[in-house]
Structures are given as structure tokens and as C-alpha cells.
Amino acid sequence: MDFQSRPMITFYPGPSKVYPQVEQYLSDAWQAGILSANHRSEAFMEMLRHTLEEVRQKLAIPADYEIYLVSSATECWEIIAQSLTSKAGFHIYNGAFGEKWMEYATKIRPATQGVSFDLQSEPQVSLLDQMPADAEVICLTHNETSNGTMLPVSFMRALRAQTTQLIAVDAVSSMGGVEFEWSLADVWYASVQKCFGLPPGLGVVVVSPAAVAKARELADNRYYNSLLFLRDNFLKFQTPYTPNTLGIYLLGRVAEHIPVIQETAEKTVQRGITCYQFLEENGYKTLIGNPAVRSATVMAVETDSATLRALRKDALDAGIVLGNGYGPWKERTFRIANFPAVSDDDFLALRSFLSLRARSRQ
Ligand SMILES: *Cc1c(COP(=O)(O)O)cnc(C)c1O
């Protein structure tokens with residue numbers, strides 16, 4: 001079998017570019033013998049402890065928030081519904097991932113409700129007026145990968161001040177790329193194939209003491225991935241099932257290698273601003289016009305479907321993979337991942353391609 005393809009510069013927002021160092025880490029994992037280690041062994045537990053510690057330090061996760069690892073962000077959608085709600089959640093969303101989360105949660109808790117807001121505008125706390133009285137968790141998508149919007153921190157602060165309900169945040173395509181005020185929510189989760197620059201197969205869940213208290217109150221222990229069961233295991237640096245040992249090892253190595261989040265975030269935000277500016281100056285129309293809600297990590301560019309097809313093909317010929325559009329914007333946007341593993345040189349190549357193309361259109 002031959003799965004080889006030409007090496008490409010990828011701007012796909014997930015799975016996305018993997019840090020080049022991962023090649024060495026893979027070989028190190030092999031050499032270290034960790035791949036065959038029993039997951040109840042001291043060696044595994046020490047490796048897991050190290051990974052969690054590195055992630056906590058680099059992402060500046062508060063000491064009283066716990067970190068668990070699961071298989072994906074999608075799994076988190078179910079864990080939150082199963083273990084943190086007994087009746088219903090309340091979803092505030094403006095795009096395809098937020099809506100999908102609500103659909104998954106509704107299958108588990110049919111009374112779940114949601115409200116959508118306009119993708120060009122800052123969400124308002126008055127959206128809470130539509131929250132049913134029995135809603136137990138407010139569910140937000142911090143970075144809506146499908147349309148390139150990001151929640152303003154002012155909204156998250158206002159929401160936190162307005163309600164005592166638990167808040168859960170899908171931060172799949174922003175965790176590791178930008179800074180969070182962790183105290184503004186009770187559950188934050190991500191998967192590693194976005195801003196962590198790793199191959200897929202692992203979800204990172206960050207949980208507040210209030211979320212643990214709520215899980216205790218509901219005492220859901222019916223599933224292999226019930227939050228309390230996960231917690232009991234992770235507090236001992238173990239896992240409820242035979243885990244993705246390689247993924248955990250790689251996460252630890254990448255976490256060792258990356259700078260602290262303040263530094264990464266500064267770079268991400270600045271490169272995002274530069275890129276939006278470049279796009280506008282070169283006649284590209286970003287899907288999101290309002291800078292207050294634009295994502296720093298995923299940029300969506302709007303075009304018509306014929307132009308899009310030609311652009312994607314020419315990009316491929318130039319060795320560049322642009323992200324497809326997603327959901328309702330599939331046929332008329334492309335997306336650019338501004339993730340930390342994407343290098344400045346990659347962005348230079350993208351800019352030179354896009355500016356050449358813009359000039360040839362005139
Ligand atoms: C990619 C993505 C997901 C899904 O992540 P999986 O690891 O495939 O479960 C969920 N939400 C957002 C916002 C995403 O970008």
C-alpha cells in the first residue's frame with residue numbers, strides 16, 4: 001500500500017499542520033519503549049503526569065482546574081450532556097459546530113434548547129432571556145471553525161457575571177492558540193489536531209471545581225466516559241480504558257516545546273491581524289466583516305463557487321492546501337488556519353500565491 005502524497009503546505013483548519021518536530025518525537029516514542037507500556041505501569045503514569053503538567057503550565061491553567069484526556073471533542077459533547085445535565089442544556093451558537101453540539105446533546109437530553117445569533121454581530125447577554133428554567137449548562141463555541149468567528153471576551157465576562165449556571169465551552173480551534181480567562185467557564189475542551197499541531201486522536205478537557213461538584217450531585221456513573229469515572233482515573237494518572245499512549249506522549253513533547261500561551265497568543269493575534277489586512281488589501285472578501293467577532297485562528301474568505309474551484313486547484317498546483325468551506329458556506333468560502341504550527345514561511349508562501357492571483361485577475 002502506498003499512501004504517499006506530495007508534501008504540501010496546509011492551511012486546513014483540522015486536521016491541520018503538524019509540528020515538524022513530531023517526526024523526531026515519533027522516533028523517540030519508539031526508542032523509549034513507551035508504545036508497548038502497560039497503561040497501569042509506573043512508566044505510563046509518569047508519562048501521563050508529565051503531559052498534564054506541561055499542558056497546565058504552558059496554557060496557564062489554574063491549579064484548581066482539572067485536566068482529563070479523552071478521544072475527541074465530539075466525545076466531550078456527549079460527556080457534558082451525560083454527566084453535567086439531568087434535563088437540559090442551553091446552547092448559544094452562530095455556526096455549524098455549535099449547532100452540531102446542540103444536536104448531539106439533544107439526543108441525550110431531549111429538552112435541550114438553543115438560540116442562534118447573527119454571525120456578524122457580538123452576541124448579547126440578553127440571549128439568556130430565552131434560556132429555559134431547567135437548563136443546567138450554558139454551551140458556547142469559543143471559536144466557530146465553520147465561519148471564522150470568535151467570541152469576544154467581553155461577552156464571556158458579561159455572561160459569567162449574569163448567571164450562576166455552569167458554562168461549557170467548545171474551544172477546539174482556539175485552545176493553544178489564544179489566551180483564555182479560564183475562570184469564565186467551567187468546562188473547556190479541545191482536540192489536538194487544531195492549535196496543538198498534532199495528529200488527531202485526543203481530546204483535552206479542562207474542568208472547574210464547580211463542574212466537578214455538579215457531576216457529583218448528578219452522580220452519573222453509567223458510561224465508560226462518565227465524568228466522575230474519568231476523574232477518578234486521571235487523579236491517579238490512569239485512564240478508564242486503554243488510551244492513546246502515543247497521542248499522550250506526543251502532546252507532552254509538543255507542550256514541552258511550545259512557548260507559554262501569552263507569547264503564542266500575541267503572535268497568533270498579530271499574524272491574524274496582518275493576514276486580514278493583507279486579504280482586504282488584495283481584494284479578498286472575508287466572510288466576517290466585523291473585527292470584534294473575527295477569529296484570530298481561523299479565517300474564512302468568501303467568494304463564488306467557480307472562483308473557489310479554480311483557486312483551490314491553482315493553490316494545489318502551487319503546493320498549498322486551502323481549507324474547504326464548511327456547512328452552509330462549503331461552496332463559497334475557503335478557510336485559512338492561523339494555528340501556531342503553521343510557520344511564518346508558510347504564510348509568506350500563501351501571501352505570494354494569493355497576491356499573484358489577485359493581480360492576474362485585474
Ligand atoms: C474540529 C471541531 C470539532 C470536532 O472535533 P473532533 O476532534 O473531530 O471531535 C468540534 N468543534 C469545533 C469548533 C471544531 O473546530
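Laboratory data are not the source of any read-out in this text; all were calculated from the coordinates shown. Just so it is clear, the structure is predicted and the values come from calculations on it, not from any experiment. Neighbour counts run over all protein chains shown; Cβ positions are idealised from the backbone, glycine included.
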**Prompt:** How far apart, in nm, are two points set 7 Å out from the Cα along the Cα-to-Cβ line at Lys236 and at Glu280?
**Reply:** 5.6 nm
**Message:** So if I restrict to the alpha-carbon atoms in the range 236-342, what is the Rg, and what is Dmax, the biggest pairwise distance, in Å?
**Reply:** 17.8, 55
**Item:** From phi via Karplus (6.51, -1.76, 1.60), per-residue ³J(HN,Hα) for the range 86-97 in Hz, x at Gly/Pro
**Value:** 10, 10, 7, x, 10, 9, 10, 8, 9, x, 5, 6
**Asked** When only C-alpha pairs under 8 Å and at least 6 residues apart count, what is the relative contact order of the range 197-324, in percent?
**Response** 15 percent
**Complete:** Reduced to Cα centres, the span from the range 146-165 to the range 226-266 in Å works out to 26 Å
**Fill in**
CD proxy, 222 nm, the chain: helix-only mean residue ellipticity via -39,500 (n - 2.57) per DSSP H run with n ≥ 4, per residue, nearest 500, stands at -13000 deg cm²/dmol
**Asked** Which loop-located trypsin sites (Lys or Arg not before Pro) does the range 24-80 contain, where loop means any DSSP state but H, G, I, E or B and the Cβ has at most 16 other Cβ atoms within 10 Å?
**Response** Arg40
**Prompt:** How much length is gained if the chain between Asp344 and Met8 is pulled fully straight, taking 0.36 nm per residue apart and subtracting their Cα-Cα distance, in nm to one decimal?
**Reply:** 119.5 nm
**Prompt:** Exactly which GluC sites (Glu not before Pro) in the range 43-87 are in a DSSP loop and have at most 11 other Cβ atoms within 10 Å?
**Reply:** none
**Complete:** A convex hull over the alpha carbons of the range 254-312 yields, per residue, a volume in Å³ of 111 Å³
**Request:** Determine, from the Cβ-Cβ distance of Lys330 and Gln120 and an R0 of 30 Å, the FRET efficiency 1/(1 + (r/R0)^6), rounded to the nearest 0.05.
**Result:** 0.95
**Asked** When the convex hull of the C-alpha atoms of the range 205-264 is computed, what volume per residue in Å³ does it have?
**Response** 102 Å³
**Complete:** Length gained, Ala210-Asp28, 0.36 nm per residue minus C-alpha separation, equals 61.7 nm
**Net length gained if the chain between Gln262 and Ala310 were fully extended (0.36 nm per residue, minus Cα distance)** = 13.4 nm
**Fill in**
In Å, the C-alpha Rg and Dmax of the chain are 20.6, 64
**Request:** Pop out the Kirkwood hydrodynamic radius of the range 30-167 from its pairwise C-alpha distances, inverse of mean 1/r, in Å to one decimal.
**Result:** 17.2 Å
**Asked** Using the per-residue mean of other Cβ atoms lying within 10 Å as a proxy for protection, in what order, highest first, do the peptides 123-129, 246-252 fall?
**Response** 246-252, 123-129
**Fill in**
Contact order relative to length for the range 173-219, counting C-alpha pairs under 8 Å separated by 6 or more residues, stands in percent at 35 percent
